[in-house]
Structures are given as C-alpha cells and as structure tokens.
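K.L.:
Here you go, one structure.
The values are calculated or read from the model by the stated rules, or taken from the named source; none is laboratory data. Note that the structure is a prediction, hence the values are computed from the model and not measured. No Cβ is skipped: glycine too gets one built from the backbone with ideal geometry, and neighbour counts run over all protein chains shown. Keep in mind that these areas ignore ligands, DNA and RNA; they rest on the heavy atoms of the full protein, side chains included. Shrake-Rupley method; radii C 1.70, N 1.55, O 1.52, S 1.80 Å.
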Amino acid sequence: PTALENGVALMHPRRPMVNILGQAFLCLGITPGGIPFGGAGLTDVFFLICSVDDRGHLRALASLSRVIGAPGFLEALRASPDAETARQQIIEAETNLAG
C-alpha cells in the first residue's frame, strides 16, 4: 500500500490477479476520522485497485493519481454524503482531466 501525505492510501497488489478476478475493479473506503496507515499523518481515504493485467494496473494507478491531485477533488469526495455521490465525483474528475 501507498499512504500519501494528503490522507489517501492507494492499496494495490504488485501482481495482477488473473486467476482470481473475473474483471478489474476499484473500491473506495472513507473513514469519518483518519487512522494511522504508514503515512506522515492520518489516512481517511482508501482506494483498493485490483487488476487483471499489468497494463490495466499501471493505467489505473496513473489515472487515480491524477484524479486525487485535481484541485478540490479530495474535499468534494470527503464531503460526499453517499456512495453514488462519491462515484460521481470520481467520474466527473476523470472527465474534467480528459477534456
């Protein structure tokens, strides 16, 4: 896992899980208060990246890294009242970075 200074952790297996997963997926967990997770401070946003191939793994890490660095993204994500709103925040941030 990678714990970042902004309170985000990117958890990802080093090798893709071809024989375990039917398809790649991304999970998000947000704690109401941060917890110690190996970073400089507390961590409250956790992303789990599970890939089925190396290329997809690297693309997901790169994309997620850009998204979490977008101005205002983490504040909006943390303020999301439910899972669907958080999902929409991620989609919107990806779209804005692509366009």
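K.L.:
Considering each residue of the range 64-79, count those that are open to solvent by 20 Å² or more (accessible area, probe 1.4 Å), under 17 Å from C27 (Cβ atoms) and modelled with pLDDT of 95 or more, and give that number.
P.N.:
Here the count works out to 1.
K.L.:
Follow-up question, since we're still on this one. Checking the condition without any contact (Cβ under 8 Å) to a residue 12 or more places away in the chain, more than 11 Å from the chain's Cα centre (by Cα) and on the phi > 0 side of the Ramachandran plot, which residue from G72, G33 passes? So that I can check it myself, show each step before the final result.
P.N.:
Details: G33 fails: on the phi > 0 side of the Ramachandran plot.
None of the others qualify; the one that does is G72.
K.L.:
H57 passes all but one of (1) in a loop (DSSP other than H, G, I, E, B); (2) in contact with a Pro (Cβ under 6 Å, 6 or more places away or on another chain); which number fails?
P.N.:
It is condition (1) that H57 fails.
K.L.:
Let me ask something additional. For the range 67-99, enumerate the residues that are basic (K, R) and either outside any helix (DSSP H, G or I) or in contact with an Asp or Glu (Cβ under 8 Å, 6 or more places away or on another chain) (or both).
P.N.:
Passing the criteria: only R78.
K.L.:
Still on this model: Determine whether I35 is out of contact with any Ser or Thr (no Cβ under 8 Å at 6 or more places or on another chain) and modelled with pLDDT under 95.
P.N.:
Taking the combined requirement at face value, the residue does not satisfy it.
K.L.:
Examine the range 11-22 for a residue that is open to solvent by 30 Å² or more (accessible area, probe 1.4 Å), modelled with pLDDT of 90 or more and either of a type in the set (V, I, T) or under 15 Å from the mean Cα position of the chain (by Cα) (or both), and state whether such a residue exists.
P.N.:
no
K.L.:
I've got another one for you. Determine whether the range 48-62 contains at least one residue that is open to solvent by less than 30 Å² (accessible area, probe 1.4 Å) and touching a residue at least 60 places away in the same chain (Cβ under 8 Å).
P.N.:
So far as the range 48-62 goes, no, none of its residues is open to solvent by less than 30 Å² (accessible area, probe 1.4 Å) and touching a residue at least 60 places away in the same chain (Cβ under 8 Å).
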